[in-house]
Amino acid sequence: MNSAAVFWEAVYDDGTLYREADGGKYGNIDRNRLRSFRLVTPGENIVELFCSNGATGWNLVYRRRTVMKLGVGRQVWFIVGFVPQGPIYAVQPESLQIVQSDHFESSGPLAHVSPIVDEGEHWDNQHMIYRSDAVLLPNSITLPSGYRLKVGQG
Amino acid sequence: MAATIIVNRLTGAGPTATPITSGNTRASVSDNPYTTETTNPIPIPAAGTNYSFWVVTRLECTVAPAGTVNNLKWYTDGGGFGTGVTTTVDTATTYVQASGSSSAAPYGNELNTTNYSTISAGGGGGQPYANAFAFTSGSPLSVTGSTSTVQQFGDRVVYQLEIDSTASAGTLTAETFTWRYDET
């Protein structure tokens with residue numbers, strides 16, 4: 001499977017599609033209306049995530065991650081998931097490898113991303129709230145002006 | 001559409017950007033984007049340290065993303081060039097042409113904030129990070145920068161080879177440096 005043939009599609013609550021292949025932009029996804037988000041290649045769905053377990057369109061994160069080894073070649077991973085609820089998937093089309101976790105990892109295909117302005121919720125990678133009985137927090141948190149701390153329900 | 005990103009080596013006063021994504025780039029005691037040339041090799045000192053001219057690299061977007069390219073990382077395979085060869089590295093917010101002498105020790109001017117004022121001095125005391133090979137996929141060097149358009153972008157990644165008397169003569173086995181980025 002060629003990474004160049006992998007695209008995302010946003011499925012809205014009325015069944016309509018907003019597609020990358022049609023020129024859609026990730027930042028223009030109507031997150032209020034998102035029902036599911038999927039990666040597709042001609043003829044098949046690779047992975048589809050439905051807004052559930054408290055996740056809404058505002059929790060969606062998607063990235064196309066490229067690893068360039070100079071003089072060797074490129075490898076592309078597609079990252080898709082919900083933050084902070086999880087799950088998060090990293091898909092490598094050429095090898096058909098899929099890595100899954102409940103949260104971003106410190107390294108590997110699911111290494112942290114940097115939030116961008118397009119994303120609806122501004123979440124702080126350094127204080128990611130994990131789905132756990134114990135909520136892990138540092139002794140104090142200083143949030144930038146306009147940010148709020150949101151705790152996910154497990 | 002997915003962005004097209006390449007890696008350039010910057011040399012000269014301009015600077016001149018030479019793509020190095022698919023090939024080899026060689027450090028020497030000159031400011032030239034050598035690939036396999038054997039001119040201007042780095043002499044092994046009898047004592048002390050000799051320096052290569054520092055190598056400046058930077059990303060360029062040649063086909064714009066639909067959204068944004070960001071989260072730039074740089075890292076190595078954790079190996080190294082071998083005994084007597086130390087590789088320092090740092091990020092830099094501007095370009096400073098490599099300088100020094102091709103004929104007299106210590107050859108390249110040492111990479112530090114005195115000679116390259118806009119490096120981040122990640123090693124402290126005006127010094128770059130002491131060991132580039134400490135940066136691996138699990139602990140990469142973060143590089144500031146992002147783009148949504150066609151352009152060179154992000155901080156430069158600058159590295160330099162330091163040679164001491166225990167090094168062995170000959171062509172060093174090439175090491176692979178990796179850039180990673182995200183896009184939407």
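Each residue in region B:1-21 was checked for being among the hydroxyl-bearing types (Ser, Thr, Tyr) and within 14 Å of chain A (Cβ to nearest Cβ), and 3 pass.
Scan region A:29-48 for residues that are within 13 Å of chain B (Cβ to nearest Cβ) and without any contact (Cβ under 8 Å) to a residue 40 or more places away in the chain and report the count. Talk me through it step by step, then tell me what you get.
Quick first cut of region A:29-48, residues within 13 Å of chain B (Cβ to nearest Cβ) only: A:29, A:37.
Still in the list and also without any contact (Cβ under 8 Å) to a residue 40 or more places away in the chain: A:29.
So the answer is 1.
Taking region B:136-152 as the search range and keeping residues that are away from chain A (no Cβ under 12 Å) and closer than 27 Å to residue B:100 by Cα, which one is surrounded by the most Cβ atoms within 10 Å (Cβ to Cβ)? Taking the candidates together, the pick is B:141.
Could you please let me know if residue B:32 is more than 23 Å from residue B:126 (Cα to Cα), crowded, with 18+ Cβ neighbours inside 10 Å and of a type outside the set (A, V, I, L, M)?
yes
In region A:61-78, the residues that are in contact (Cβ under 8 Å) with a residue 40 or more places away in the chain reach residues that are small (Gly, Ala, Ser) and part of a strand (DSSP E or B) with C-beta atoms within less than 6 angstrom, at least six apart or across chains, in these pairs: A:61/A:81.
Return yes when residue B:24 is within 12 Å of another protein chain (Cβ to nearest Cβ), within 15 Å of the chain's Cα centre (by Cα), surrounded by fewer than 22 Cβ atoms within 10 Å (Cβ to Cβ) and touching a residue at least 12 places away in the same chain (Cβ under 8 Å) and no when it is not. Quick ask: steps written out before the conclusion?
Working: within 12 Å of another protein chain (Cβ to nearest Cβ): yes; within 15 Å of the chain's Cα centre (by Cα): yes; surrounded by fewer than 22 Cβ atoms within 10 Å (Cβ to Cβ): yes; touching a residue at least 12 places away in the same chain (Cβ under 8 Å): yes.
In short, yes.
Of the residues making up region B:31-83, those that are of a type in the set (Gly, Ala, Ser) and over 30 Å from residue A:8 (Cα atoms) are B:46, B:47, B:48, B:52, B:78, B:79, B:80, B:82.
The strands (runs of 3 or more DSSP E) found entirely in region A:15-80 that carry 2 or more residues being surrounded by 14 or more Cβ atoms within 10 Å (Cβ to Cβ) and more than 17 Å from the chain's Cα centre (by Cα) are A:60-69. Taking the stated definitions as given, is residue B:69 touching a residue at least 24 places away in the same chain (Cβ under 8 Å) and touching a Gly at 6+ places or on another chain (Cβ under 9 Å)? Yes; evaluated as a whole, the condition is true for this residue.
A quick yes/no check of all residues on (1) within 14 Å of another protein chain (Cβ to nearest Cβ); (2) out of contact with any strand residue (DSSP E or B) (no Cβ under 8 Å at 6 or more places or on another chain); (3) outside any helix (DSSP H, G or I):
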{"site": "B:67", "(1), (2), (3)": "yes, no, yes"}
{"site": "B:79", "(1), (2), (3)": "yes, yes, yes"}
{"site": "B:82", "(1), (2), (3)": "no, yes, yes"}
{"site": "B:111", "(1), (2), (3)": "no, no, yes"}
{"site": "B:116", "(1), (2), (3)": "no, no, yes"}
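Read-outs throughout are calculated quantities, based only on the coordinates presented, and are distinct from any laboratory measurement. As the structure is a prediction and not an experimental result, all values here were calculated from the model. Backbone-built Cβ (ideal geometry, glycine too); neighbour counts: all protein chains shown.
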